[in-house]
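Heads up, the thing below is written out as structure tokens.
The values are calculated or read from the model by the stated rules, or taken from the named source; none is laboratory data. Here the structure is a predicted model, which is why all the values come from computation and not from measurement. Here Cβ is always computed from backbone atoms with ideal geometry, including for glycine, and neighbour counts include all displayed protein chains.
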Amino acid sequence: MEIGFLGLGIMGKAMSINLLHHGFKVTVWNRTLSKCDELVEHGATVGETPAAVVKKCKYTIAMLSDPSAALSVVFDKDGVLEQINGKGYIDMSTIDAQTSIKISDAIKAKGGDFLEAPVSGGKTHAEDGQLVIIAAGHKALYEEALPAFDVLGKKSFFLGAVGDGAKMKLAVNAVMGSMMNAFSEGLRLVERSGLNPGTLLDVLDHGAMSNGLFKSKGPTMLKNSYNPGFPLKHMQKDMRLALALGDENAVPMPVAAVANEAFEKAKSTGLGDLDFSAVIKTLN
């Protein structure tokens with residue numbers, strides 16, 4: 001099975017390497033083509049443009065930073081639309097439903113099939129094939145993509161119409177961003193109270209609030225280490241999109257709104273490229 005892959009950021013790079021290590025033929029593209037060099041060392045070939053990748057591959061996956069990048073790859077000169085007829089396009093970026101629907105409509109109008117499939121999980125999950133894939137759109141394309149999804153993720157969901165996957169992913173990240181802020185406050189509260197923050201991690205892990213987020217991020221936060229598994233600037237983008245979705249559906253989201261303000265503050269003070277757990281630094 002040959003797959004095209006557009007976007008080699010933290011997630012896209014790890015996902016592409018994972019596919020290569022499991023025997024898939026992968027043709028990659030990135031706006032900065034030099035980022036493809038490492039993938040070539042793992043066995044990938046390089047497409048000079050998104051259109052060239054789509055022309056070569058029956059299925060193409062995109063993993064891009066934001067709605068603007070997702071639209072650009074599809075609609076710009078030498079973009080996906082130029083070669084999509086008879087092909088499948090899978091956008092695994094975290095974007096809003098309106099952007100996903102716009103891309104889907106354009107793909108279908110050109111004779112292609114579209115699936116949105118945003119993922120829950122960070123760099124380590126991508127490296128280990130432990131992502132959660134939240135798909136919606138063309139059901140047959142979803143079924144055809146399952147061999148790749150089974151390598152990339154531990155669980156795949158198919159939710160139905162295009163836009164439903166995007167909405168679910170934004171809801172997930174609204175919860176995660178809010179949790180990270182509450183967790184940060186708890187750590188600082190324990191620390192300033194003269195207690196051991198490591199003990200808080202142990203107490204939480206043995207109680208009703210035990211969860212993977214606290215387990216994975218807590219130890220690195222105690223070490224003041226924020227190598228980006230999921231960059232803070234992307235979390236802030238997702239929180240902003242989730243709040244817009246709340247407005248569309250008349251859902252008050254005061255907790256998420258306050259959390260978003262903390263991420264905005266962190267980004268404005270130069271923390272955007274660090275892991276999203278670096279939001280705790282706004283409490284220094």
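As an exercise: evaluate His42 against (1) without any contact (Cβ under 8 Å) to a residue 40 or more places away in the chain; (2) in contact with a Ser or Thr (Cβ under 6 Å, 6 or more places away or on another chain) and give the number of the one condition it does not meet.
(2)
Leu170: surrounded by 13 or more Cβ atoms within 10 Å (Cβ to Cβ) and within 27 Å of Asp105 (Cα to Cα), yes or no?
Answer is yes for this residue.
Just checking, how many residues over segment 255-279 are of a type in the set (Val, Ile, Thr) and in contact with a Phe, Trp or Tyr (Cβ under 8 Å, 6 or more places away or on another chain)?
1
Between a residue in segment 194-219 that is loosely packed, with under 11 Cβ neighbours inside 10 Å and any residue that is assigned to a helix (DSSP H, G or I) and of a type in the set (Val, Ile, Thr), which pairs come within a Cβ distance under 9 Å, given they are 6 or more apart or on different chains?
Thr199/Val190
Scan segment 81-129 residue by residue and report those that are at pLDDT 95 or above, in a loop (DSSP other than H, G, I, E, B) and on the phi < 0 side of the Ramachandran plot.
Hits for segment 81-129 are Ile84, Asn85, Lys87, Met92, Ser93, Thr94, Ile95, Asp96, Lys110, Gly112, Ala117, Pro118.
So Ser100 ticks every box in (1) surrounded by fewer than 17 Cβ atoms within 10 Å (Cβ to Cβ); (2) within 21 Å of Tyr142 (Cβ to Cβ) but one. Which box is left unticked?
(1) is the only condition that Ser100 fails.
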